[in-house]
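The values are calculated or read from the model by the stated rules, or taken from the named source; none is laboratory data. Here the structure is a predicted model, which means the values were calculated and not measured. With ideal geometry, Cβ positions are generated from the backbone for all residues, glycine too; neighbour counts draw on all protein chains shown.
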Amino acid sequence: PGPVGRRGYWRTVGLTESIISELDTDHHFVHRSTIPTMHFQDSLPRLPLPKLEDSVKRYLAAQKPLLDDDQYRNTERIAREFGKGVGRKLHRELVEFDKKNKHTSYISDPWFDMYLCARDPVVLNFNPFISLNPDPKEAYNSQVVRATNLVVSSIKFLNSLKNEFLRPDIYYVNPKWSQSRLFKNFIRLLPTSVSWYGAYMVNAYPLDMSQYKRLFNSSRIPKLNKDELFTDERGRHLLVMRNGHFYVFDVLDPIGNILHPSEIQAQLIYILQDADRLPEFPLCYLTTEDRNTWAAVRQQLLEAGNEDNLQKIDSAVFCLCLDIISPKNDTELSHCMLHGHGFNRWFDKSFSLIITNDGTAGVNFEHSWGDGVAVLRFVNEVYRNSTRHPAIVPHSSPPALSATRCERLEFKLNDSIQSAINAARMKFKETNEKLSVRMFEFRKFGKEFLVKQKLSPDAVFQLACQITAYRQFGKIISSYEACSTAAFKHGRTETIRPTSILTKQCSHAFVEERSKHSVAELRNMIDECSKYHRRLQLEAALGRGFDRHLFALKHLSVSRGDPMPELFLDSAYQKLNHIILSTSTLHSPAVHLGGFGPVVPDGFGIGYNVFDTWVGCNTTGYLNRELQEFLRCLEYSLNDILDVLEGRPLV
Ligand code: BUJ
């Protein structure tokens, strides 16, 4: 798909500017930005390619705490040889490639490949979820009212995006500029080739918006060995799932008018009544399969005459899942949003908006096309719009349905497809039964306290995890914190490695040498860890990590069919990339919870946030006992840190 150009969508449907301006803002858009959505895209800075010697240095610094002296010496030798030999050659080629591809970043293609070539099921292994706070007005939280309002707001978001009315993502160092008319009007007049520099002059950093073109009307298509991403901007229909049945109806007319909200409500009510029982062979389970299995069955589905239906699923604006369950607590909610029962999700859809029976909403998203920044922006806007400008009010009565606009998709399933669905269902059930989800809350301090202590809240949480892992496993383990590189054109993410020599020393002191150090010494260790973590965070956000660079070099070597360089065969490299603690954080007034699965069978997935006055995390893992123990130790570590920060010795 081509990029969404200014007015691009409307031109494809043959609209003139005058008709567009007649579309009333409140009813069709989430807002109308002065600065066009894609205004900065042409002049965004490019993701820097670090110097090879810097990446080797950073790699070794991340390896050091994980290895004993002999192992480190060996890994150091291998890395240095790589830096002088084969790595240098690969790096030079990568630099050349990067120079010739100024429209993108060096990591974009390799990162798409990383996702699309992975053969594990997307559910649990890749798709994260973000769940929304309830609508503050109690009565707006019934399933149909919430679903209708969120669907309307989502389509307004889509309209805003397609018409370039959506405000560009900008990171403001000084947020006062975000409100300033002068700033917006000045920036708007700058040509797109220099607009980024205008923002930069006032310390505002526009972010890459390229991922948004795959937010709507998009699906991941399973293919043998490498999946594909599919987008059809012409799709005007919504896919609704209920009890494993598929329904589609148009939510937009050809000129971009949103179907009247009461009509949308009426369609949803019809669907709730119509889908009263599960189909015998719920097709959705196939999207929980490993990708090659699913690719083969999808081929059979096409051959059995289901092409039109699959096309409707893939091109739908997005997928709305109307669930029959009402989760009793956050753990159940997490299970529901992360994987559900499997029969009422199309996990390949770019995102699914899930509404439970009690009106709780969340988004489960496929990860290959984009990252948390884009999805969080979408969640924030639809939450805000649906709560401030709800399209329908509770108890509003929808028009009586004379003829339903919605089509139920009926699939032709032969014996072989039916047994594939049964097999997928069994596998899915087995895997899910093994997954534990555990919530954790620590109420004794939060961001406010830590900032007063001149510490980075994120660093303190990460340090607490390091101390915890050391206490639990008696050693340092490989850890990962996701960091966005959306400040660069086609940037994705970089890894922050929260393990360092400093966190190792600190963990050792907190676990093994509790009475050996004075409170002042311990406090000093925390300060040093915080400073170092801040530096790693900044470096990662500026594209100066080592993970993506080495990954791109490895990708280049593999794609050329070269023998694998020793660096990537080194068991220490593999250990570093066997991520036991996989962590990610986000903060937003719209978000209630978020989470993702562990990335290795013996690891934990840790979604966390340091709130103003408390610390919370939502953790997942296949090893239930270990996960429980981890959280018990985490509480211990946070209490220890609090003791030291308040001047009490460790006992
Ligand atoms: O690193 C990457 O390239 C992408 C990562 C991959 N991984 C998840 C494996 C780290 N993807 C993301 O980071 C996106 C994750 C989106 C969900 C984040 C959840 C954060 C939860 C915050 C709220 C927790 C509050 C708990 C309260 C009890």
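Odds and ends about this structure:
- Taken as a whole, the range 612-628 holds no residue that is within 28 Å of L90 (Cβ to Cβ), out of contact with any Pro (no Cβ under 9 Å at 6 or more places or on another chain) and within 15 Å of the ligand (Cβ to nearest atom).
- Among the residues of the range 154-192, those identified as at pLDDT 95 or above and among the small types (G, A, S) are S154, S160.
- Screening the range 480-526 for residues that are acidic (D, E) and within 15 Å of the ligand (Cβ to nearest atom) and picking the one that is farthest from D547 (Cα to Cα) gives E481.
- Evaluation of Q273 against (1) touching a residue at least 40 places away in the same chain (Cβ under 8 Å); (2) more than 28 Å from R119 (Cβ to Cβ) (one fails), failing number: (1)
- Any hit, the range 322-345, residues being on the phi < 0 side of the Ramachandran plot, in a loop (DSSP other than H, G, I, E, B), touching a Cys at 6+ places or on another chain (Cβ under 8 Å) and within 16 Å of the ligand (Cβ to nearest atom): yes
- One residue from K444, K434 being surrounded by fewer than 16 Cβ atoms within 10 Å (Cβ to Cβ), more than 27 Å from the chain's Cα centre (by Cα) and on the phi < 0 side of the Ramachandran plot: K444
- For H245, the conditions (1) closer than 24 Å to N344 by Cα; (2) out of contact with any Pro (no Cβ under 7 Å at 6 or more places or on another chain); (3) surrounded by 22 or more Cβ atoms within 10 Å (Cβ to Cβ) are fulfilled apart from (2).
- Subset of the range 501-516 [surrounded by fewer than 22 Cβ atoms within 10 Å (Cβ to Cβ) and in contact (Cβ under 8 Å) with a residue 24 or more places away in the chain]: I501, L502, K504, H508, V511, R514, S515
- Restricting attention to the range 453-467, the residues that are part of a helix (DSSP H, G or I) and of a type outside the set (V, I, T) total 9.
- Flag if T360 is in contact with an Asp or Glu (Cβ under 8 Å, 6 or more places away or on another chain), in contact (Cβ under 8 Å) with a residue 24 or more places away in the chain and either β-branched (V, I, T) or away from the ligand (no atom under 16 Å from the Cβ) (or both): no
- Applying the set (1) part of a helix (DSSP H, G or I); (2) surrounded by fewer than 19 Cβ atoms within 10 Å (Cβ to Cβ); (3) in contact with a Ser or Thr (Cβ under 8 Å, 6 or more places away or on another chain) to E539 leaves exactly one unmet item: (3).
- For beta carbons closer than 8 Å, sequence separation of 6+ or different chains, a first residue in the range 600-619 that is under 17 Å from I641 (Cα atoms) and a second that is within 9 Å of the ligand (Cβ to nearest atom) and among the acidic types (D, E), the qualifying pairs are W614/E441; V615/E441; G616/E441.
- Listed by position, the helices (runs of 4 or more DSSP H) contained in the range 20-94 that have at least 2 residues being under 29 Å from S507 (Cα atoms) are 52-63, 69-84.
- Restricting attention to the range 567-597 and to residues that are of a type in the set (S, T, N, Q) and more than 11 Å from the ligand (Cβ to nearest atom), the residue that is nearest to the chain's Cα centre (by Cα) turns out to be N577.
- Look at (1) part of a helix (DSSP H, G or I); (2) touching a Gly at 6+ places or on another chain (Cβ under 9 Å); (3) of a type in the set (F, W, Y) and you find that Y470 fails only one, number (2).
- Residues satisfying the stated conditions in the range 495-516, i.e. farther than 17 Å from L66 by Cβ and outside any helix (DSSP H, G or I): E512, E513, R514, S515, K516
- Pair list, Cβ < 7 Å and 6+ apart or interchain, from the range 413-441 residues that are assigned to a helix (DSSP H, G or I) to residues that are within 16 Å of the ligand (Cβ to nearest atom): T431/L124; N432/H339; K434/Y622
- The residues of the range 331-355 that are surrounded by 24 or more Cβ atoms within 10 Å (Cβ to Cβ), within 27 Å of L627 (Cβ to Cβ) and among the hydroxyl-bearing types (S, T, Y), listed by number, are S334, S352.
- The requirement of being within 11 Å of the ligand (Cβ to nearest atom), touching a residue at least 40 places away in the same chain (Cβ under 8 Å) and of a type in the set (S, T, N, Q) is not satisfied by S557.
- Selection status of V600, within 13 Å of the ligand (Cβ to nearest atom) and either at pLDDT below 95 or surrounded by fewer than 18 Cβ atoms within 10 Å (Cβ to Cβ) (or both): yes
- Listed by position, the helices (runs of 4 or more DSSP H) inside the range 551-650 whose residues that are in contact with a Ser or Thr (Cβ under 9 Å, 6 or more places away or on another chain) and of a type outside the set (V, I, T) number at least 3 are 571-576, 624-645.
- Whichever residue in the range 104-137 is more than 28 Å from L550 (Cα to Cα) and either surrounded by 18 or more Cβ atoms within 10 Å (Cβ to Cβ) or more than 12 Å from the ligand (Cβ to nearest atom) (or both) and, among such residues, is farthest from the chain's Cα centre (by Cα): K137
- Members of the range 517-536 found to be buried (at least 19 other Cβ atoms within 10 Å of the Cβ) and among the hydrophobic types (A, V, I, L, M, F, W, C), listed by number: L522, M525, I526, C529, L536
- In the range 372-382 there is at least one residue matching the filter, namely being surrounded by 19 or more Cβ atoms within 10 Å (Cβ to Cβ), part of a helix (DSSP H, G or I), among the acidic types (D, E) and out of contact with any Pro (no Cβ under 8 Å at 6 or more places or on another chain).
- The range 394-421, residues that are farther than 30 Å from P136 by Cβ, more than 35 Å from the chain's Cα centre (by Cα), at pLDDT below 95 and not β-branched (V, I, T): A400, L401, S402, A403
- Residue pairs whose Cβ atoms lie under 8 Å apart, sitting 6 or more positions apart in sequence or on different chains, and linking a residue in the range 109-127 that is in contact (Cβ under 8 Å) with a residue 24 or more places away in the chain and over 26 Å from S334 (Cα atoms) to a partner that is of a type in the set (G, A, S) and within 12 Å of the ligand (Cβ to nearest atom), are F112/S368.
- All of L182, L166 fail the test of being away from the ligand (no atom under 16 Å from the Cβ) and either outside any loop (DSSP other than H, G, I, E, B) or hydroxyl-bearing (S, T, Y) (or both), apart from L182.
- Filter pass, H395 being more than 16 Å from the ligand (Cβ to nearest atom) and out of contact with any helix residue (DSSP H, G or I) (no Cβ under 7 Å at 6 or more places or on another chain): yes
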